[in-house]
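This report concerns only the one structure given below.
Taken together, the values in this text are just the output of simple stated rules run on the coordinates, not laboratory data. In this text the structure is predicted, and so the values were computed from the model without any measurement. Cβ placement follows ideal geometry from the backbone for every residue including glycine, while neighbour counts extend to all protein chains displayed.
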Amino acid sequence: MEAILGIIISAILSENFILVKFYGICPFMGVSKKIDTAVGMGMAVTFVMALASAACFAVNLLLVALNLEYMQTVAFILVIASIVQVVEMFLKKAVPALYKALGVFLPLITTNCAVLGVVLVNVQEGYNFLLSVINGAAGGLGFTVAIVLFASIRERVNKTECPECFKGFPIALIAAGLLALAFMGFSGLSIF
Amino acid sequence: MNFKKQFKEGLLTKNPVTVQLLGMCSTLAITTSLFNGIGMGLAVTIILICSNVLISALRNFIPSQIRIAAYITIIAGFVTVVDLFLQAYIPALAESLGVFIPLIVVNCIVLGRAEAFASKNSVLASAVDGLCQGIGYTVALVITCVIRELLGSGTFGGGLLNGGEGIRIIPAQFPAMQMVMPVGGFLVLGFVIAASQWLMKYLEMKSKKKEAAK
Amino acid sequence: MKTESTVKYVLRLALTLLLITAVVAVALAAVNSVTAPKIALLNAQKTQEAIEAVLPGGGEEVAFTDDTGLVATVYQGNAGYAVKVTPTGFNGTVEMMVGIDPSGNVLGISVISQSETAGLGAVSAASTSAGEAFRGQFAGMSGSVSVTKDGGAVDAITGATITSRAVCAGVNAALSCVANMG
């Protein structure tokens, strides 16, 4: 139980996937201009991360059994790409409303390093099935928290005046830096 | 063939980091010492050239519906090869870059160039494109590394020069440690991109003035 | 437009992808067969060096009992024990070797692998004067160790309290493990 709580807290706060570990910066910068889209992206990523953690755990067992550990990267990325594809098709048929909300983000998730990152971390840390899935879901929640906070900051930053050469991404990065500074305050929270 | 134009695009006007904003994860995460920056830059450059060449050579063979899956498989293959070689021959670098080597697979630079350039151009042009974009990435990475290392650890060339300790420029008690932490990554990259935007504006103005003078 | 039937078309897609994956797999297997022995050798060498760095004369692997969950392997030699421990640092696991003499004093520590922040936690493993000073202070300690912030005698690495605490946790696990072995 303590291990589970530790993983959840560290994945969301003290070892936030984006602001501390730098996984998934591309969508973090790319889809954070509006709060609604940020929420959508966060939810889609959380879902895929939990699913990918579960699937890759099984795949990894198979690879280890066959002594094919060196194929991990290739196998995982293919699994993630297929999961994203299947989720997209499933949502389109089964839950059209959700598909409409998340649809545009799904293809982007394949190249989100948070997903491949969490899977590789799971394997490195030797998490069991339950811990892997929890780490995936909590990592996704951490991603959501960061991206939603950042989107709300950015909506304001975009309305302020700043030196011309800082317009656009530079000022956004600096805002992200300040957010990361705030998250550094959580670093003492780790439960070992 | 327009090597000069491609080179300028890779280095400045279409720099993968400062303009296209691709591959931000690794740019932010590993730019804490010169050794890391150069190592990561070279690894990505090699992978970019290889994957660009192969994808360009296969561009008529791969059906477009499955191209992304095919590209990613090829890229993952090259990344694993580089990963294994680093582990075997440069273990210090493999350890220092850690999980960010396998994560080159999802570094949007590689997939982005495959989709935007290699799938439409000849093998030679794709190789040059890979080289130029790789150099642009490395330069942006090295600049960020040098600034962060100087401000954060007070040294230059950490991991490479002076027996791995780097050349101390700022006395050990003064550097702002936060600069080698995540915060510093965001801040320094923000300033680097701002500087490159300023430089591009400046060059544009200069060339306009030249034309006006004519 | 080609007039292929759907079945044939899907089959062609699947076969192309299968072919690419197969080629990649074969290529990787070839590379792996070259690099795997080299990597294994490097790792074995590193472990051996780490043992000899903390335990003069080296040692042989022995069975052990551990209640901390941090001990990976114990090696016993003439000068005492070398215990491989894996505490959790700031970014992940810190793999380290602790040398302990038969009366329960630390002979020395060395860090085998870590993924701590460069310039901060990574100092714990660096072969620099700061790194050696940090590791050197453990020699001669016994019982239970902790950083000065927690009331102990270990000077933490500047800006890397979490890494320093992890190293202390590793040393403590090793000490209690050896104490159990009597």
ask   = Convex hull over the alpha-carbon atoms of segment C:53-181: what's its volume per residue in Å³?
value = 91
message = Just to be sure I understand the rule: take each whole DSSP H helix in chain B, project its Cα atoms onto its long axis, keep it if the span is 20 Å or more and its mean Kyte-Doolittle hydropathy is at least 0.5. Which ones pass?
response = B:34-57, B:67-89, B:123-152
ask   = Near residue C:88, within a Cβ-to-Cβ distance under 14 Å, what is the net charge of the other residues, with Lys and Arg +1 and Asp and Glu -1?
value = -4
request  = Divide, for segment A:1-127, the radius of gyration over alpha carbons by 2.2 N^0.38 Å, where N is the residue count.
outcome  = 1.10
request  = Between A:66, A:106, A:181, find the one with the highest GNM mean-square fluctuation for chain A; connect C-alpha pairs within less than 10 Å.
outcome  = A:66
note = So, relative contact order of segment B:3-213 in percent, Cα under 8 Å, 6 or more apart, is 32
Candidates B:73, B:144, B:27, ranked by Gaussian network fluctuation over chain B, Cα under 10 Å, top entry = B:73
Spin-label pair residue C:49/residue C:14, simplified geometry with 7 Å Cα→Cβ offset, distance in nm = 5.1
key: Largest-first principal axis extents of the Cα set of segment C:65-139 (Å)   = 35, 26, 14
task = Taking the Cα centre of the protein assembly as shown as origin, sum charge times position over the Cβ atoms of Lys and Arg (+1) and Asp and Glu (-1), and report the length of that vector in debye to the nearest 20.
result = 3060
message = Please give the charge dipole size of segment C:2-77, origin at the Cα centre, charges +1 on K and R Cβ atoms and -1 on D and E Cβ atoms. Round to the nearest 20 debye.
response = 920
ask   = For chain C, what relative contact order do you get, as a whole percent, if you take Cα pairs closer than 8 Å and at least 6 residues apart?
value = 18
inquiry  = Which one, A:42, A:184, C:130, is farthest towards the positive end of the dipole of the protein assembly as shown when Lys and Arg carry +1 and Asp and Glu -1 on their Cβ?
reply    = A:42
Point-to-point label distance, residue B:92-residue B:13, nm (Cα→Cβ direction, 7 Å offset) = 4.0
query = Along each of its three principal axes, how wide is the spread of alpha-carbon positions in chain B, in whole angstrom units, largest first?
reply = 59, 58, 26
ask   = Can you tell which of A:126, A:64, A:31 lies farthest toward the positive end of the dipole of chain A, using +1 and -1 charges on the Cβ of basic and acidic side chains (Lys, Arg; Asp, Glu)?
value = A:31
ask   = What is the percent of Cα-Cα separations in segment B:53-100 that go past 16 Å?
value = 49
note = By the DSSP-based rule, helices of chain A that are at least 18 Å long along the axis (C-alpha) and have a mean Kyte score of at least -1.0 are A:35-65, A:72-94, A:129-157, A:169-184
task = Report, as an integer, the average count of C-beta atoms from other chains found within 10 Å of each Cβ along C:18-27.
result = 5
remark   = Surrounding charge for residue A:154, neighbours by C-beta under 14 angstrom, Lys/Arg +1, Asp/Glu -1, total +3
remark   = Given unit charges at Cβ for Lys, Arg (+) and Asp, Glu (-), the dipole magnitude of segment B:3-213 about its Cα centre in debye, nearest 20, is 880
task = Between A:30, A:136, A:42, find the one with the highest GNM mean-square fluctuation for chain A; connect C-alpha pairs within less than 10 Å.
result = A:30
inquiry  = Using +1 at the C-beta of Lys and Arg and -1 at the C-beta of Asp and Glu, which of C:75, C:62, C:22 has the Cα lying farthest in the positive direction of the dipole of segment C:18-93?
reply    = C:22
task = Highest first, please rank the peptides B:207-213, C:31-37 by the mean number of other Cβ atoms sitting within 10 Å of their residues.
result = C:31-37, B:207-213
task = Set the Förster radius R0 to 60 Å, insert the Cβ-Cβ distance between residue A:94 and residue B:209 as r into 1/(1 + (r/R0)^6), and round the FRET efficiency to 0.05.
result = 0.50
query = If packing is taken as the mean number of other Cβ atoms within 10 Å per residue, what is the order of B:62-72, C:166-176, highest first?
reply = C:166-176, B:62-72
remark   = Violations at 29 Å Cα threshold for listed pairs A:100/B:120; B:4/B:208; A:21/A:167 -> A:100/B:120
remark   = If amide H atoms are modeled at 1.01 Å from N in the peptide plane, then the residues at a separation of 5 or more from residue C:72, or on another chain, having amide H under 5 Å from its own are C:84, C:85, C:86
query = Per residue and in cubic angstrom, what volume does the convex hull of the Cα atoms of the protein assembly as shown have?
reply = 181
